[in-house]
Amino acid sequence: MHQQSIIDSIVEKLDTQSCDVKCISFIVDEANLRKRLTKDVEGGIRVEDIIERSITRIPMYDTLNTIKIDTNEKTVAMIANEIKLL
């Protein structure tokens, strides 16, 4: 989710009275994003136009009211551990 309004519209529909909501953005640099998406395109999971559309959205994540987790060169297990520690 690259826009605060999207996050807000989802969270406002949730019953959050008995929980602590933590909104997280997974951040990646252009080179790693391009590499990941190219792999998906080559695997037939995504279409090629997703690469440039996604790259243009990278700066939008800076403005979100979220906890940022850098995912560059990290495994899923490493990222999951960071989330667990929040």
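Name, by its number, the condition in (1) modelled with pLDDT under 95; (2) under 16 Å from the mean Cα position of the chain (by Cα) that does not hold for residue 17. Result: residue 17 fails condition (2) only. Return the total of residues in the range 1-35 being out of contact with any helix residue (DSSP H, G or I) (no Cβ under 9 Å at 6 or more places or on another chain) and either closer than 16 Å to residue 73 by Cα or loosely packed, with under 15 Cβ neighbours inside 10 Å (or both). Final tally of qualifying residues: 18.
Cβ separations smaller than 9 Å between residues 6+ apart or across chains give the following pairs from the range 13-24 residues that are within 12 Å of residue 83 (Cα to Cα) to residues that are polar (S, T, N, Q) and surrounded by 10 or more Cβ atoms within 10 Å (Cβ to Cβ): 22/66; 23/66; 24/66. All conditions but one from (1) within 14 Å of the chain's Cα centre (by Cα); (2) more than 18 Å from residue 2 (Cα to Cα); (3) in a helix (DSSP H, G or I) apply to residue 37; the one that does not is (2).
Going through (1) in contact with a Lys or Arg (Cβ under 8 Å, 6 or more places away or on another chain); (2) within 15 Å of residue 72 (Cα to Cα) one by one, residue 51 falls short only on (2).
If the condition is being polar (S, T, N, Q) and within 10 Å of residue 28 (Cβ to Cβ), then the range 55-71 contributes only 71.
Which one is surrounded by the fewest Cβ atoms within 10 Å (Cβ to Cβ), of the residues in the range 40-58 that are closer than 22 Å to residue 6 by Cβ and of a type in the set (A, V, I, L, M, F, W, C)? The residue in question is 47. Consider the range 61-80 and keep the residues that are open to solvent by 70 Å² or more (accessible area, probe 1.4 Å) and in a helix (DSSP H, G or I). The one that is nearest to residue 4 (Cα to Cα) is 63.
The values are calculated or read from the model by the stated rules, or taken from the named source; none is laboratory data. For clarity, every value in this text was computed on a predicted model and none was experimentally measured. So basically every Cβ, Gly included, is an ideal-geometry build from the backbone, and we count neighbours across all protein chains shown. Calculation scope for accessible area: heavy atoms of the full protein, side chains included, ligands and nucleic acids excluded. Shrake-Rupley method; radii C 1.70, N 1.55, O 1.52, S 1.80 Å.
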